[in-house]
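Inspection log for the structure reproduced underneath, given as structure tokens.
The values are calculated or read from the model by the stated rules, or taken from the named source; none is laboratory data. Note that this is a predicted model, so its numbers are computed, not measured. Don't worry about glycine lacking a Cβ; one is built from the backbone with ideal geometry, like all the others, and counts go over all protein chains shown. Heavy atoms of the whole protein, side chains included, go into the accessibility calculation; ligands, DNA and RNA do not. Shrake-Rupley method; radii C 1.70, N 1.55, O 1.52, S 1.80 Å.
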Amino acid sequence: TGERDPTTGKTPEPKYLDGAVGKFSPDEDPRNALVDWMVKPDNPFFAKALVNRYWGHFLGRGLVTEVDDLRETNPASNEALFSAAAKWLRDHRYDLRALMREILQSETYQRSSVLPAGAKAPPEELFTVAKERPLAAEQLARAFLAATGEQERVATGKGFYTYPDPAYERPGWLKGGS
């Protein structure tokens, strides 16, 4: 692409995460080679990154915490499960719908967040109980609307305010041109 490293003045060579250097002619698109490398069966990174991200999305915490911090010094809480899930995803040709189905139908995902009476709270990384997560903003807003009986006004498009509200005096800087 003609870009140069500002410190050395040299054109940088593209390198894969496993250390191999990519060689491309000027008319080749390096993105095609990147995709081919990402889905190679012997690439340990891509499938694990996908599994961890989806696991973290649905369970509130990845098998590796943080979900985007995959490195040797940050091991998975269950390495056997992590490796098996990544292998399963590669074997199923990176079928993300199938991955979601497997996670959502798992016993781990379907666990309750309530501990049995007298039980001591287990470490979060064991996924013994479901992690309680706060509602998203839209879920919380709809819950408030349902609790106050206002969801019908919103569903029918009547809203909360009449626009413009005759009782509202706009500030001078909003009136425009004055």
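Things worth noting here:
- Within the range 1-39, if we keep just the residues that are aromatic (Phe, Trp, Tyr) and touching a helix residue (DSSP H, G or I) at 6+ places or on another chain (Cβ under 7 Å), the residue that is surrounded by the fewest Cβ atoms within 10 Å (Cβ to Cβ) turns out to be 24.
- Leading residue by the ranking (nearest to residue 81 (Cα to Cα)) among those in the range 116-131 that are without any contact (Cβ under 8 Å) to a residue 60 or more places away in the chain and open to solvent by 60 Å² or more (accessible area, probe 1.4 Å): 126
- Count - residues of the range 40-51 that are touching a helix residue (DSSP H, G or I) at 6+ places or on another chain (Cβ under 7 Å) and not aromatic (Phe, Trp, Tyr): 6
- Matching residues in the range 19-41 - criterion: being of a type outside the set (A, V, I, L, M), within 23 Å of residue 72 (Cβ to Cβ) and within 24 Å of the chain's Cα centre (by Cα): 37, 40, 41
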